[in-house]
Amino acid sequence: MGFGEVARRASEHFQPTYSIRGQLVTKKSNKNVSKCYEKLDKIGDGSISTIYKVARKGRKGATNGNGNNENSYSLIKKLLKICPSYDNEETPKICYAMKQIDLKRVPQFFIEELKNEIEILKTLDHPNIIRAYETYEKGNQLSLIMELCTGGDLFSRKTYTEGRVLTIIQQVLRAISYMHNLDVIHRDLKFENILFETTKKNSQVKLIDFGLSVKLREDESMTGKVGTIYTMAPEVLKGDYTTSADLWGVGVIAFILLSGKKPFWGKNKEIVEKKIRKCNYNFDGPSWKHVSQEGKDFISSLIKFKPEDRLTAEQALRTPWIKKPTSDDENYFQPSNSTLSQIFEGLVKYKDTSDFKRIALMMIAYTSSIDEIKFIRKTFSKMDTHETGSISTEEFHKAFSTFGKTESELDEIFKVIDVNDNGLIDYIEFLAATIETQGQIEEERLHDAFDRFDHDESGYIDKLNLRTILGTKYTKERLQNLLEESHADTDGHISYQDFCAAILNSSVAASNHSTSDLTGT
């Protein structure tokens, strides 16, 4: 059974991982976004939207065990009595990108594209795909909060070495392979839709803009002539295409990155279309003298007129050029035994963590910054030897077979991490299970996670909040267990300090927790 089929079957059952992602992405508030986010800088301007760098505003206060309000700093100070290992050093603000749209200036088709983008994004979970978090709509203004990438698009960097191009294309292919296994086609791959995460030289890239993306049904083809002309495949111009159209786009992007020129160009759109329909391109020119034959062969395997002659994303990842070793990118690191040992120790501890803490860690991991998860992500990518975007039991056993656990014990750990029970460890599941190996959770992350659970802004988390996050198929018994694990009060309310105690040090909190410990009363 292929990975795509596994994912499709799993989607028919309860998936708390998916539910948490879906709630974050589809969470919609009718209040003004300025009450929750502070604008720091304008980073983009379009005809109908503006992109801002924003920071989430901190909590003004939190309800303590007696129903009174207390500022978050005071709460954390008192939690230090229970969790003495907690490091309370001040941390930088968590920043996001906010796409703000004036609905009065937006045609209906654009609104439909935005809705489609949100629906697609909430099904995707990959290191090289942008994340969306929540939407705010007030009057004629719609705001979409997304992951912040600060490095610009592919056009923002003038020249690329072949090694750098190789690693960029590898990351794009991993994302495309993952999407195609879920029957999702991007349909608008281009330089503008591939962003560098940071300004660092070896920054990883992320795919963005899924407004034109489509989830295909079995044996279905697309007919809409959509996308951007310079990366548009000939079958798209014809109006009959499938996922292979994305691979043509990858080939064109690789061509431009390596040579600085487009394979199909002309004075007008009609001339470009004519060349595309003839698949008329070559490797002439001085820039190609410094490109390896493997690189040219890779491009030739994708820019093919007949879709059936093109490599799939999975096949492209196995080509000699993509597998060619290079030190140009941080992706080619090899985790040491001590590194894997640290990760494994974290996974063993995670196995004995309460269900409530696991769910909370998943929420925290979903919104973690690039720097916070950089090391974990690199380890995940190395363990994902089949480059599917998930870790199988085979890959898990291979990575940790030498750490003193039997196969059955490894299977038990694997099953705990596999929250959505689809036989695979998804990216967000791995992050949640290992994020504490990078140190204690920062205070601002606790604020952020609690606020996202407390979506009705009552000042506490209750059973309805948990039901909204986890879905209707989460049993009443399991919901009640979650409340008990978090030491909710007799009304079933989880206060902010209870939430913090459960995350910071659940084992200590479980044995020492009392209202007086936290409130000083």
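All of the numbers you see were taken from the coordinates with simple rules; none came from a lab. What you are looking at is a predicted structure, and each value in this text was computed from that prediction instead of being measured. Because the Cβ atoms are built from the backbone with ideal geometry, glycine has one as well, and the counts that use them run over all protein chains shown.
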Measuring from label point to label point, each 7 Å out along Cα→Cβ, what is the ASP102 to LYS225 span in nm? 3.2 nm
Protection-proxy order for peptides 264-275, 186-197, each taking the mean of Cβ atoms within 10 Å per residue, highest first: 186-197, 264-275
If you look at just the Cα atoms of the stretch 353-447, how large are its Rg and its Dmax in Å? 13.3, 39
Cα-Cα P(r), the stretch 434-498, percent of pairs per 10 Å interval: 20, 48, 29, 3
Kirkwood-based Rg to Rh ratio, the stretch 116-256, C-alpha trace: 0.97
With each label point set 7 Å from Cα along the Cα-Cβ vector, what nm distance links THR150 and ASP489? 4.0 nm
Checking rank on 433-446, 404-417, with mean other Cβ inside 10 Å and highest first, the result is 433-446, 404-417
Sorted from largest down, what three extents in whole angstroms do the Cα atoms of the stretch 91-164 have along their principal axes? 47, 36, 25
Given the pairs LYS104/LYS215; LYS42/LYS463; LYS53/LYS324; LYS57/LYS415; LYS104/LYS201; LYS269/LYS304, which span a C-alpha to C-alpha distance of over 32 angstrom in this model? LYS42/LYS463; LYS53/LYS324; LYS57/LYS415; LYS104/LYS201
So, by mean Cβ neighbours within 10 angstrom, what's the order for 36-42, 368-374 with the highest one leading? 368-374, 36-42
Under the Karplus curve 6.51 cos²θ - 1.76 cosθ + 1.60, θ = phi - 60°, whole-Hz ³J(HN,Hα) for the stretch 284-296, x wherever Gly or Pro sits: 7, x, x, 5, 7, 5, 9, 9, 5, 5, 4, x, 5
Once the dipole of the stretch 162-327 is set up with Lys and Arg at +1 and Asp and Glu at -1 on Cβ about the Cα centre, which of PRO307, SER244, ALA254 lies farthest towards its positive end? ALA254
On a straight-distance basis, which aspartates and glutamates could pair with LYS278 in a cross-link, Cα separation under 14 angstrom, same-chain partners fewer than 8 positions away excluded? GLU235, GLU270
List the aspartates and glutamates whose Cα lies under 18 Å from the Cα of LYS296, skipping any in the same chain that are fewer than 8 positions away. GLU162, ASP284, ASP309
Over the stretch 229-366, the quotient of the Cα radius of gyration and 2.2 N^0.38 Å is 1.52
Two-site FRET efficiency, THR385 against ARG467, from Cβ-Cβ distance with R₀ of 45 Å, rounded to 0.05: 0.75
Modelled label-to-label distance, ARG157 and LYS115, 7 Å Cα→beta-carbon offset: nm? 3.8 nm
Which three semi-axes in whole Å describe the equivalent ellipsoid of the stretch 176-264, each the square root of 5 times a Cα gyration tensor eigenvalue, listed largest first? 23, 17, 10
The extension gain from LEU216 to LYS200, computed as 0.36 nm times the residue separation minus the Cα-Cα distance, is 2.1 nm
Give the average over all directions of the projected area of the C-alpha convex hull of the stretch 162-327, one decimal, in nm². 9.7 nm²
